[in-house]
There are 2 protein chains.
Amino acid sequence: MDFQFSKRVPNLNNDVVGEILKVAGDPDIISFAGGLPAPELFPVKQMQKAANEVFEHDGQDALQYTASIGNPKLRSLVKNRMQTHKHISCDVNNVCITTGSEQSIDLIAKMMVNPGDVVLVEKPTYLCALDVFRSYGAKIIGVDMDDDGMKVDTLADTLEKYPEAKLIYTIPNFQNPTGRTMPANRREKVANLASQYDVIVMEDDPYGEIRYSGKAINPIKHFDPDGHVIYMSTFSKILAPGMRLGWIVADKKFVDMFVVMKQSADLHSDNLSQYIIARFMEENDLDAHIQKIRDVYYSRASMMIKEIDEQFPKGVKHSNPEGGMFIWVEVPGNINTMDLFNTCVEHNVAFVPGEPFYPDDVIPGTFRVNFSNMNDNQIHEGIRRMAVAIDEMMNK
Amino acid sequence: MDFQFSKRVPNLNNDVVGEILKVAGDPDIISFAGGLPAPELFPVKQMQKAANEVFEHDGQDALQYTASIGNPKLRSLVKNRMQTHKHISCDVNNVCITTGSEQSIDLIAKMMVNPGDVVLVEKPTYLCALDVFRSYGAKIIGVDMDDDGMKVDTLADTLEKYPEAKLIYTIPNFQNPTGRTMPANRREKVANLASQYDVIVMEDDPYGEIRYSGKAINPIKHFDPDGHVIYMSTFSKILAPGMRLGWIVADKKFVDMFVVMKQSADLHSDNLSQYIIARFMEENDLDAHIQKIRDVYYSRASMMIKEIDEQFPKGVKHSNPEGGMFIWVEVPGNINTMDLFNTCVEHNVAFVPGEPFYPDDVIPGTFRVNFSNMNDNQIHEGIRRMAVAIDEMMNK
C-alpha cells in the first residue's frame, strides 16, 4: 500500500547520505565517512562496575519510570560541570537531561519553529540538524563561515534582513563538518545579537571537551545577557554514545516548557543509563578519561593532516581543527564532489561529500573526513588512496 | 524573558495533570493517580546478570552508536514473540525498536498528521496521546465506547462523516483509562474499515500481555488485510519502564520511513538497554516472569473491585478489567469531578479525574484508579477514604 505521509516527511529519493553510508560500509573500503568515537577508549570496565553498584543499591528505582526532566543526581553533576568547566551561570533547574543531542535539537525546533519561520545556520552545518529544521517547515538561511567559524558581521546583516528569525543554530567548537572554532569575541557578539534581535541561539557543543590543542574558549552561553542562548551537549563523545544521553542548559521558563514537550516525545530518557552515568561520574575522574581521548584523537588528527599535506595534490586545502573528530577538505577547480566520491570508492576509500551539509548553495569539491575512529595504518593507506583519486579528478 | 513558542506548544495554564500529580505526590495521600508497574516485581538480579554478560562480551559494541532501526538480536526476538504470542504475520524488517511507546505514538503522528487532519480516538483515551496529536495540529474526534471498547458501528459512521481521516488510535486491551477490552469481532471490523477508508490504525498494546483472566484475543494487526494497521508495544509493563524501549510492527514501506524520522528524533534508542534486554530474553523465561506480574495484579485488581463493591455508595459503577493496571469509575448525579478530586484530597486519597482523557465532551463524575502499584492495606484504606468522600459529594 502507499502511505500518505505528512509534509514533515522528507522525499526519500534524496537520501544521499543513506546511500553514501551504505557504500562506505563495504569492508574493502577504508571509510572516513562515519562519525564514530573510538570504541577502544570506552571505559567498559568502569561502566560495568558502576552498573553493578546501581543494580545493588538502586535497582528498583533505576528500572522504574522517572521524571521527564531527568535523574536529580545526574542533573546536579551536569550543573556542577557546566559551572566549573564551561563557566555557565546556572542552577539545577536550568538543566534537563535528553535522549542525546539529536533529541535536544528536535524538541527545541519543535517548540520554536512554525512552518515558514526562519532558522539561521552555519554554511555548511550538521546535516541531521538540517533534516530536523526541514521537518518542522523551517526556512533555512545559511550564514557564511571563514576559518574562525560563522562570520558574525554576515550574521548581523542576515538578522537585519530577517529580523523575524526564530533560531540561530551554531556549533562553535570544532564544528561538524568543518572542524572550525569560533573565537571568544565572536561568541560574545552572537550572544548580544540574539538579545538585540530577540532570537534564540541553539549552541550545540558535542565536541567542546575534546580539545587537544589551543586554549578552551567560554561558550556563547557564558556571554548570554538575558536567557536567549540554549546550550546543548552530550555524553556521546566523552563517555559512550550507545547510552543515548545529552542535556540542555537554558532559562528556567524554557526548561519548564521543554519538559512538557519531552514528556510527549519519550516520557523521559533511559533511567538505567542515567543512574549508571551518574555513578560513573561520582567514582571516576572524568577529566582524566577525557584526557586519554584527547591524546589519541590529537595523534590521529596530526597524522591525518601530515598525510594530507604530504600526499594530496597541490592546491587542496584543509581545516586545522584544535579538537573534535573531523577535518574539512576543499579541492580546487570546480570538481563535482559526487564524481569525486565515486572515483574514491573505485579506489576503496570513502568520505562524506559536502552537499548534504549545505542548506542552500553548495560549494563544489568540499568533503568531510573523520579521524577519531581510524588507526594509523588506515589513515596512511586511506589518504594515499584518496590522493590518487583526487589527482585523477584534478587532471581529467 | 518571554519565549515565542510555536503553535505546537500547549498552553501550560491547562496543565491539570501536572497539578494533580503534584498533589498526589504528598506522602500523606494514598494515590491511585499514577500508572506505575509494581517495582518489587522488576527482575533486578536477572537484569544485573544480563548486564554483566553484555559488558563482558559486547561492551564496546553496546556503548557505541547503533542503527536507528534497533539492535538486530532484539528485533529478531521481538519478531518471534509477535508471531508466537500475537499471531502477527511479520518478519524482522517489519520491526523497529523505539524509545518506548510514547515515541512510537509521537513519530507516527508526526509522519501522518498535517495540521487540521482528523484523528479518531476512543472517548476517553490515553491523555498523553491526545497531547501528541494536538501538538501536530490534529482535529481529534472522539468515538463512543461501551463495555466492549470502541463501538465499531459508531466508528463506521464517523468514518463515513470524515472519510479523509488519517488515523484511528485505539488501545484494544485493558484500555487506558477504562480497563475495557475490544472483542475479536470488533477488531476484525476495525481492520477492515481501515482498509476500506484507507486510514491508518495505531494499535497501542502496552498492557496486552498482562491478562490475568479471560482468554487472549488476537490483535487488530492479526486481521490486517493490507498493511493499514501499525501495532505498538513496549517492555515497560512486562520488564522495566526505566529502560525506555518499545517497538512497532508495520508494513515495511512504513518502517523504512519511520526509521528516517526516528533518526531525526534521537538517532537510535539506548543501545546498552537494547543489548541487556535481548540478553535477558535469551536466558530467562519471559512468560514465567509475566505470569508473576499477572498473579499479583489479579490479586490487587480483585481486592480493589471487592472494596469498591462493598464500600462505594450505591449507583457508583466501575469497569471490570481482565488485565492491565486501571479501573474506571463512574459516579452518578452529574458530579463535578474536580470538586470530587479536591474532596478526596481532603480525605488524603487521590485519583486522575476523567477530564483530561476526553478529547471533547467530558462525562462528569468519571475517574481512573490504578491498582498495580498498591499494596493490600493501601487499597483497603484508600477505597475507604474515597467512599467517604464520594458519599459526602453525592449527598451534598
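The values are calculated or read from the model by the stated rules, or taken from the named source; none is laboratory data. These numbers come from a predicted model, not from an experiment. Backbone-built Cβ (ideal geometry, glycine too); neighbour counts: all protein chains shown.
The set of residues in the stretch A:45-61 that are more than 8 Å from chain B (Cβ to nearest Cβ) and polar (S, T, N, Q) contains only A:Gln46. The combined condition, being touching a helix residue (DSSP H, G or I) at 6+ places or on another chain (Cβ under 9 Å), within 30 Å of B:Ile141 (Cα to Cα), modelled with pLDDT under 95 and not in a loop (DSSP other than H, G, I, E, B), is not fulfilled by B:Pro364. Taking the criterion of being within 14 Å of chain B (Cβ to nearest Cβ), free of Cβ contacts under 8 Å to residues at least 60 places away in the same chain and outside any strand (DSSP E or B), the residues of the stretch A:131-167 that qualify are A:Val132, A:Phe133, A:Ala138, A:Pro163, A:Glu164, A:Ala165, A:Lys166. Remark: pairs (first residue in the stretch A:183-204, not assigned by TED's automatic domain parsing to the domain that holds A:Ala165; second residue surrounded by fewer than 18 Cβ atoms within 10 Å (Cβ to Cβ); Cβ separation under 8 Å; 6+ apart in sequence or on different chains) are absent. The set of residues in the stretch A:361-376 that are out of contact with any Phe, Trp or Tyr (no Cβ under 6 Å at 6 or more places or on another chain) and within 17 Å of A:Gly34 (Cα to Cα) comprises A:Thr366, A:Phe371, A:Asn373, A:Met374, A:Asn375, A:Asp376. Residues considered: A:Gln274, A:Gln263. Of these, the only one that is within 14 Å of chain B (Cβ to nearest Cβ) and at pLDDT below 95 is A:Gln263. Name the single residue that is farthest from A:Gly354 (Cα to Cα) among those in the stretch A:24-44 being within 8 Å of chain B (Cβ to nearest Cβ) and at pLDDT 95 or above. Taking the candidates together, the pick is A:Val44. How many residues does the stretch B:218-234 hold that are in contact (Cβ under 8 Å) with a residue 60 or more places away in the chain and away from chain A (no Cβ under 13 Å)? Looking only at that region, the number is 7. Taking the stretch B:79-122 as the range and being closer than 22 Å to B:Lys7 by Cα and part of a helix (DSSP H, G or I) as the test, the residues that pass are B:Glu102, B:Gln103, B:Ser104, B:Ile105, B:Asp106, B:Leu107, B:Ile108, B:Ala109, B:Lys110, B:Met111, B:Met112. With the structure loaded, tell me whether A:Val95 is within 23 Å of A:Glu355 (Cβ to Cβ), touching a strand residue (DSSP E or B) at 6+ places or on another chain (Cβ under 9 Å) and of a type in the set (Val, Ile, Thr) or whether it fails that test. Taking the combined requirement at face value, the residue does not satisfy it.
Pairs meeting the criteria (first residue in the stretch B:302-327 and under 19 Å from B:Tyr212 (Cα atoms), second residue outside any loop (DSSP other than H, G, I, E, B) and polar (S, T, N, Q), beta carbons under 6 Å, at least 6 apart or on different chains) are B:Met325/B:Asn370; B:Phe326/B:Asn370.
When every residue of the stretch A:88-100 is checked against the conditions, at least one turns out to be buried (at least 22 other Cβ atoms within 10 Å of the Cβ), within 8 Å of chain B (Cβ to nearest Cβ) and on the phi > 0 side of the Ramachandran plot. Residues that are in contact with a helix residue (DSSP H, G or I) (Cβ under 9 Å, 6 or more places away or on another chain) and at the interface with another protein chain (Cβ under 9 Å from one of its Cβ atoms) are absent from the stretch B:279-295.
Exactly one residue among A:Phe258, A:Phe254 is assigned by TED's automatic domain parsing to the domain that holds A:Tyr212, at negative phi and touching a Cys at 6+ places or on another chain (Cβ under 7 Å), and that residue is A:Phe258.
Note on the stretch B:179-284: no enclosed strands (runs of 3 or more DSSP E) hold 3 or more residues that are closer than 30 Å to A:Arg244 by Cα and either in contact with a His (Cβ under 8 Å, 6 or more places away or on another chain) or of a type in the set (Lys, Arg) (or both).
For the residues B:Asp198, B:Asp204, B:Asp147, B:Asp153, the requirement of being in contact with a strand residue (DSSP E or B) (Cβ under 8 Å, 6 or more places away or on another chain) and acidic (Asp, Glu) singles out B:Asp204. Only residues that are assigned to a helix (DSSP H, G or I), buried (at least 19 other Cβ atoms within 10 Å of the Cβ) and of a type outside the set (D, E, K, R) were counted in the stretch B:67-78, giving 3. Considering each residue of the stretch B:342-378, count those that are under 25 Å from B:Pro206 (Cβ atoms), more than 22 Å from the chain's Cα centre (by Cα) and buried (at least 22 other Cβ atoms within 10 Å of the Cβ), and give that number. Here the count works out to 0. Only one entry of B:Asn80, B:Asn11 meets the criterion of being modelled with pLDDT under 90 and either assigned by TED's automatic domain parsing to the domain that holds B:Val260 or farther than 30 Å from B:Gly324 by Cβ (or both), and that entry is B:Asn11.
Among residues of the stretch B:62-87 being within 14 Å of another protein chain (Cβ to nearest Cβ) and among the polar types (S, T, N, Q), the one that is farthest from the chain's Cα centre (by Cα) is B:Gln64. For the stretch B:317-327, the criterion of a residue being of a type in the set (Ser, Thr, Tyr), touching a strand residue (DSSP E or B) at 6+ places or on another chain (Cβ under 7 Å) and over 21 Å from B:Lys73 (Cα atoms) is satisfied by at least one position. Kindly indicate whether any position in the stretch B:118-137 is out of contact with any Cys (no Cβ under 9 Å at 6 or more places or on another chain), within 28 Å of A:Asn52 (Cα to Cα) and not hydroxyl-bearing (Ser, Thr, Tyr). No, the stretch B:118-137 contains no residue that is out of contact with any Cys (no Cβ under 9 Å at 6 or more places or on another chain), within 28 Å of A:Asn52 (Cα to Cα) and not hydroxyl-bearing (Ser, Thr, Tyr).
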